[in-house]
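Written below as structure tokens is the structure these notes are about.
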């Protein structure tokens, strides 16, 4: 990994002020109570950010590890589905009181069976002949007629567990969050070796089917003894098509009270990921498009040795909350990197200094990462690193 060094002597105080304060790095030993046995876990004393949960150690991989990456269309969707689910969890389980652990109750075989189609008739009979223990657990619809008339709606499912201190010596499961990733486009092949075909699914249909699936999922959650009496949040995620340059979005969530099998009222999640420059977003988000174009034009005028500036924006409740900007440059020397990064830092503070906004600028070359500028939400100044 490249060694980070500071821009100049003037940046020392800036970096010191913005660096996370880890404080006492001693770790607290507690007991995690399970039905099998009490297992020792460690809670780190510090957290890198209030936006993240502390994670208990040793790290335990999820029981269905790998299925998210296997079943979603792009890396953008994988990242947003996982991290966005943690963001949604914070409405129910605060980062101050709860600890994060990957899902331990729905294993790979169980989730795979749920992602399949429900079977009936001859298909069901054949499946039972092959496996006497076949449960017919598929949550996608029975295949009737052409694939266009009965697409798969559910792409994958993700479970997160949230632990809470029971007392000074133990922690216990305090809540569960389930993410259901839904297809906006269903891809299929009629026969092995055939060209891939696709069916676009209407937004309203996606949400309607997602809510039906969620109702069945909560019944299966409650069928597990360990999960009968914990609060559960279920969130619906609409993944983007394979060709998309931005991720999909979470569209709705419901909270289920401890011990209940009834979904609460659904709350729409007004979230959106957008790409700049983009002609469609110039109409949809004219103010942000104008600001980005001014920023881009200043970069054009100052430093011609780059191949383009792109921005990926995240909106929540119609307000811009995060902007990630990527700038690839031709590398001619470290002094150019320093000068360019200093210039960009000033531009970020000119155009993206709003208190509610998080901004990240990544400068790269054919050699790899050259510099990064990060202004966290609520921060007065950015943190800047140049890589050696």
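Taken over the stretch 72-82, the criterion of being without any contact (Cβ under 8 Å) to a residue 40 or more places away in the chain and closer than 11 Å to residue 158 by Cα is satisfied by 78 alone. The residues in the stretch 227-260 that are within 21 Å of residue 137 (Cα to Cα) and surrounded by fewer than 14 Cβ atoms within 10 Å (Cβ to Cβ) can be counted, and the count is 1. Can you name the residue in the stretch 289-315 that is within 15 Å of residue 364 (Cα to Cα) and surrounded by 18 or more Cβ atoms within 10 Å (Cβ to Cβ) and is also nearest to the chain's Cα centre (by Cα) among such residues? For the stretch 289-315, the residue satisfying everything is 311. Would you check if there is a residue in the stretch 286-305 being more than 23 Å from residue 386 (Cα to Cα), outside the structural domain of residue 178 (by TED's automatic domain parsing) and touching a residue at least 60 places away in the same chain (Cβ under 8 Å)? Yes, the stretch 286-305 contains at least one residue that is more than 23 Å from residue 386 (Cα to Cα), outside the structural domain of residue 178 (by TED's automatic domain parsing) and touching a residue at least 60 places away in the same chain (Cβ under 8 Å). Only one entry in 69, 63 is surrounded by 12 or more Cβ atoms within 10 Å (Cβ to Cβ), assigned to a helix (DSSP H, G or I) and modelled with pLDDT of 90 or more, namely 69. Answer yes or no: is there a residue in the stretch 204-211 that is in a loop (DSSP other than H, G, I, E, B), modelled with pLDDT of 95 or more, closer than 20 Å to residue 116 by Cβ and in contact with a strand residue (DSSP E or B) (Cβ under 8 Å, 6 or more places away or on another chain). The answer is no; no qualifying residue exists. Checked against the criteria, residue 259 counts as over 26 Å from the mean Cα position of the chain (by Cα) and within 30 Å of residue 176 (Cβ to Cβ).
The values are calculated or read from the model by the stated rules, or taken from the named source; none is laboratory data. Model, not experiment: these values are computed from the prediction. Cβ coordinates were reconstructed from backbone atoms using ideal geometry, including for glycine residues, and neighbour counts include every protein chain displayed.
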